[in-house]
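For reference, the structure is listed below as structure tokens.
Computed from the coordinates by the stated procedures, all read-outs in this text should not be read as laboratory data. Just so it is clear, the model here is predicted, and its values are computed rather than measured. Heads up, the Cβs are rebuilt from the backbone with ideal geometry, glycines too, and the neighbour counts pull from every protein chain shown.
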Amino acid sequence: MVIEVRELAKSYENVHALKGLSIDIAAGGIVGLLGPNGAGKTTFVEILEGLRPATSGSVRVLGLDPQTSPSELRRRLGVQLQQTEFPEALTVEETFRLFGSFYPRTLDTSQVLAAVDLTEKRKAAVVSLSGGQKQRLAIGLATLHDPELLILDEPTSGLDPIARRGIHEILRRLKAMGKTILVSSHYLDEIEALADRVVILRAGEIVADGTPLELLARAEGASTLWIEIDSAVEPENLVPGARFEGRDGALLRYRTKDSTTAIVGLGASLKSSNARLLDLRLKRPTLEDLYVQLIGESVTQNPREEAA
Ligand code: ADP
């Protein structure tokens, strides 16, 4: 196990931030950590990183106790903190050299620059980088000493969709290199697409833990089905096992818990009414449906962006 946590509790005076949390994380793959503000994500990852002591329970990261073996852990763990500040006067390459000097052994800078798509920016001043490029720099610096485990705190926070995709690509590359990546995010769609395992925290406890597919199976949301047909057939009983909800322009909108049966049945009823299908769109339940079910609020928006 790369991470072994047993009955981990953390209290700040009268706030119980973590309430006896246990989890094992095996080597390799991307684990997504989700949860609303105040769920305990930062407390959890900072205990793993050795930045905060636990109140009780046991923690092993790469077989080490983060509190008693901090320097050995630092050599084998890569950490990207939220909104890392870099000396802005330095170039990208100089920043790599500076951070590299902290470690006894590092990867070749050009290799890391290529891995985070910053080769062309090596002579650029850090101050001139875009938000996405700065985040890629932060990830590059976190991987410079070739750590086995990476802990990334909201690496795509505040980035536009293209820049976020760039980060996703980098995380997939790191995963392909055999790294274990623990990544927290406010973007549910990104965790759904990226993570091999999703852990949802609420009020200091794990409320869901599984592969995205396992969690989707738990999502109670129904699928929405839109169809457009070429004739004025009565929409009410056209799709077996689905409830007609209304029209969106030319599209008829249905809700169903069993989209396969609905689509197969639609084929038969179109045939018998001699109608032709012009368009069909299906939206299945997402991780967000389960999340809202568990947390009771929607946080697709990054709260920090809202505050900004
Ligand atoms: P998240 O990262 O999921 O937003 P945090 O770990 O930051 O959650 O916070 C969990 C709870 O612990 C919150 O109620 C927060 O107010 C409290 N907390 C976090 N850090 C401290 C601290 N240094 N002192 C006191 N309370 C804290």
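Straight-line cross-link partners of Lys257 among the aspartates and glutamates, defined as a Cα under 15 Å from its Cα and at least 8 positions apart when in the same chain: Glu220, Glu245, Asp289.
Rounded, prolate or oblate: which one fits the stretch 223-284, using the alpha carbon gyration tensor with axes a ≥ b ≥ c (rounded when a/c is under 1.5, else prolate when a/b beats b/c, else oblate)?
Taking the square roots of the gyration eigenvalues as a ≥ b ≥ c, the stretch 223-284 is oblate.
Restricting the stretch 71-125 to chymotrypsin sites (Phe, Trp or Tyr not before Pro) that sit in a DSSP loop and have at most 14 other Cβ atoms within 10 Å of their own Cβ leaves Phe102.
Cross-link partners for Lys19 among the aspartates and glutamates, with Cα-Cα distance under 20 Å and sequence neighbours closer than 8 places in the same chain left out: Glu4, Glu7, Glu46, Glu49, Asp65, Glu205, Asp209. Taking every alpha-carbon pair under 8 Å whose residues sit at least 6 apart, the chain reaches a relative contact order of 19 percent.
Please give the peptides 243-252, 2-11 ranked by average Cβ packing (other Cβ atoms within 10 Å per residue), highest first, as a rough proxy for protection.
Ranking, from highest mean packing down: 2-11, 243-252.
Packing, as the average of other Cβ atoms within 10 Å across residues, places the peptides 122-129, 217-224, 37-44 in the order 37-44, 217-224, 122-129, highest first.
Taken along the Cα-to-beta-carbon direction at a fixed 7 Å, the label points for His168 and Ser22 span 3.5 nm.
Please get the size of the charge dipole for the chain, origin at its Cα centre, with Cβ charges of +1 on Lys and Arg and -1 on Asp and Glu, quoted in debye to the nearest 20. Dipole size: approximately 460 debye.
Spatially, the stretch 13-50 and the stretch 175-189 are offset by 14 Å when compared through their Cα centroids.
Taken along the Cα-to-beta-carbon direction at a fixed 7 Å, the label points for Asp146 and Arg6 span 3.3 nm. Report summary: the helix-based calculation at 222 nm, which adds -39500 (n - 2.57) for every DSSP H run with n ≥ 4 and divides by the residues of the chain, gives -9500 deg cm²/dmol. Here's the picture: charge each Lys and Arg Cβ at +1 and each Asp and Glu Cβ at -1 in the chain, and of Gly166, Ala208, Thr286 the one pushed furthest to the positive end of that dipole is Gly166.
Using square roots of five times the C-alpha gyration tensor eigenvalues, list the equivalent-ellipsoid semi-axes of the stretch 88-173 in whole Å, biggest first.
Details: eigenvalues 73, 52, 24 Å².
Each semi-axis is the square root of five times an eigenvalue, giving 19, 16, 11 Å.
Which net charge results when you count Lys and Arg as +1 and Asp and Glu as -1 among the other residues whose beta-carbon is under 11 Å from that of Asp153? Residues near Asp153 contribute -2 overall. Size of the chain: Rg and Dmax of its alpha carbons, in Å, are 23.6, 75.
Phi angles of the stretch 7-20 translate, via the Karplus equation with coefficients 6.51, -1.76, 1.60 and θ = phi - 60°, into HN-Hα couplings of 6, 6, 10, 9, 10, 10, 6, 9, 9, 8, 6, 10, 10, x Hz per residue; Gly and Pro are given as x.
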